[in-house]
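**Student:** Okay, here's the structure, questions in a sec.
The values are calculated or read from the model by the stated rules, or taken from the named source; none is laboratory data. Owing to the predicted nature of the structure, the values given are computational and were not obtained by experimental measurement. Neighbour counts run over all protein chains shown; Cβ positions are idealised from the backbone, glycine included. Protein only, heavy atoms only, side chains kept; ligands, DNA and RNA dropped before computing areas. Shrake-Rupley method; radii C 1.70, N 1.55, O 1.52, S 1.80 Å.
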Amino acid sequence: MNTLAILILIGGFLHFGVLIASALVPQVLDWRDELARVSKLTRQLVWTHGAFIVLTIIAFGVLSIANASSLTSGDPLARSLAGFISVFWGARLVLQYTWFDARAYLTTPVLRIGYHGLTFVFAYFTAVYGWAALAPAPAI
């Protein structure tokens with residue numbers, strides 16, 4: 001297994017770490033009270049979109065773990081998938097700095113460390129999967 005495949009394998013497992021952090025979001029952001037103020041349809045849409053994002057992240061993790069070497073092959077489908085994962089997380093990273101203002105919620109050292117840790121992971125995903133999309137490892 002080449003270096004890039006190992007980095008993708010690590011990325012696959014990191015996707016499940018992101019899900020653990022994501023599971024804390026409803027509690028930290030007090031979604032029970034916040035979403036109680038919106039219409040039922042809006043509440044349902046938020047939860048449905050959240051569920052689809054969770055399924056997408058699970059798919060990224062499973063596909064990365066099961067196909068780490070294939071994702072470095074340079075095959076057009078592999079490059080396309082890696083490119084999509086890179087763009088997905090790159091867009092999330094941009095939003096982290098330009099759209100979201102989480103300062104009011106980073107009230108404990110654990111939350112601050114977690115937030116910055118996730119930022120690092122989003123950058124890792126963007127770089128590693130971007131590498132696989134743009135400059136895949138040569139076949140050995």
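**Student:** Tell me which residues, restricted to the stretch 1-51, are more than 28 Å from Gly130 (Cβ to Cβ) and not in a helix (DSSP H, G or I).
**Tutor:** Leu29, Asp30, Arg37, Val38, Ser39
**Student:** Now for a different question. Could you tell me whether Asp101 is farther than 27 Å from Met1 by Cβ, modelled with pLDDT under 95 and not in a helix (DSSP H, G or I)?
**Tutor:** yes
**Student:** Also: With (1) hydrophobic (A, V, I, L, M, F, W, C); (2) closer than 26 Å to Tyr105 by Cα; (3) open to solvent by less than 60 Å² (accessible area, probe 1.4 Å) as the list, and Leu9 as the residue in question, which single condition is left unmet?
**Tutor:** All conditions pass for Leu9, except number (2).
Here's the yes/no breakdown for (1) closer than 20 Å to Gly117 by Cα; (2) hydroxyl-bearing (Ser, Thr, Tyr); (3) modelled with pLDDT of 95 or more:
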residue	(1), (2), (3)
Gly12	yes, no, yes
Ala21	yes, no, no
Leu24	yes, no, no
Ala36	no, no, no
Ile53	yes, no, yes
Ser86	yes, yes, yes
Ala91	yes, no, yes
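**Student:** When the stretch 92-117 is examined, which residues are found to be within 30 Å of Gly74 (Cβ to Cβ), open to solvent by 50 Å² or more (accessible area, probe 1.4 Å) and in contact with a helix residue (DSSP H, G or I) (Cβ under 9 Å, 6 or more places away or on another chain)?
**Tutor:** Arg92
**Student:** Right, something else. Check the stretch 29-50 and report whether any residue there is open to solvent by 80 Å² or more (accessible area, probe 1.4 Å), closer than 16 Å to Phe100 by Cβ and among the aliphatic types (A, V, I, L, M).
**Tutor:** No, every residue in the stretch 29-50 fails to be open to solvent by 80 Å² or more (accessible area, probe 1.4 Å), closer than 16 Å to Phe100 by Cβ and among the aliphatic types (A, V, I, L, M).
**Student:** Starting from the stretch 32-61, keep only residues that are among the aromatic types (Phe, Trp, Tyr), then list their pairs with residues that are surrounded by 10 or more Cβ atoms within 10 Å (Cβ to Cβ) whose Cβ atoms are within a distance under 7 Å, requiring at least 6 positions of separation or different chains.
**Tutor:** Phe60/His15; Phe60/Ile85
**Student:** Any residue in the stretch 74-89 that is exposed (fewer than 14 other Cβ atoms within 10 Å of the Cβ), closer than 16 Å to Gly17 by Cα and under 12 Å from the mean Cα position of the chain (by Cα)?
**Tutor:** No, there is no match, as no residue in the stretch 74-89 is exposed (fewer than 14 other Cβ atoms within 10 Å of the Cβ), closer than 16 Å to Gly17 by Cα and under 12 Å from the mean Cα position of the chain (by Cα).
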